[in-house]
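Have a look at the structure below before the remarks.
Every number here is computed from the coordinates shown, using simple stated rules; none is lab data. Source: prediction; values computed, not measured. FYI the Cβ positions are ideal-geometry reconstructions off the backbone, even for glycines, and counts take in every protein chain you see.
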Amino acid sequence: MQRSPGLRYWTSCLSVPGGERVSPAKVALVLILGLLIAGGLVGLWVRSRVGTSRPDYLGTGVVVALLPPPSTLHATRPVIIIHHDPIPGLMAEAMSMPFIAASASLFEGLRPGDRIAFGLKGPPGALLVVSLERLEPGTTR
């Protein structure tokens with residue numbers, strides 16, 4: 001079995017103007033910096049696509065249940081069951097259904113029976129509640 005060329009081979013192929021050889025340490029440093037920059041750019045792209053700052057869908061409804069993890073519906077994520085009104089652009093019918101919440105801290109100050117406005121993020125098959133706001137009784141949105 002042949003061995004692949006090592007770092008020393010590749011650095012011997014590189015030279016800077018004036019005929020000097022590039023040290024393996026410099027090549028390794030440049031490669032590591034390139035990987036860090038590429039990783040950072042990928043991270044920024046992922047956060048821009050998945051970030052929780054702006055919901056894809058907005059809805060209103062009534063809290064049926066708040067289930068911190070672990071629960072019978074999800075082992076590691078908080079779940080909220082909402083009897084929601086029609087959600088523009090997503091669901092034309094009102095119904096009760098569970099949603100995974102981005103954080104249990106969204107549940108602070110809420111209890112079953114509260115009227116809420118909520119924001120959902122993600123594709124229709126994997127929606128995540130990213131914002132919850134308790135509405136005063138009689139308030140509509």
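Here is how the numbers come out for the structure above:
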{"quantity": "Proportion of all alpha-carbon pairs of region 57-134 beyond 19 Å (%)", "calculated": "25 percent"}
{"quantity": "Whole-Hz couplings from phi, Karplus 6.51/-1.76/1.60, listed for region 101-111; x for Gly and Pro", "calculated": "9, 5, 7, 5, 5, 5, 7, 4, x, 9, 8"}
{"quantity": "Proxy reagent accessibility, fewest Cβ within 10 Å first, across Lys121, Lys26", "calculated": "Lys26, Lys121"}
{"quantity": "Contour excess over end-to-end distance, with Cα ends at Val27 and Ala104 and 0.36 nm allotted per residue", "calculated": "23.1 nm"}
{"quantity": "Length added when fully stretched, Asp114-Leu58, from 0.36 nm per residue minus Cα-Cα", "calculated": "18.5 nm"}
{"quantity": "At R0 = 35 Å, FRET efficiency that the Cβ-Cβ distance of Glu93 and Ala38 yields, to 0.05", "calculated": "0.20"}
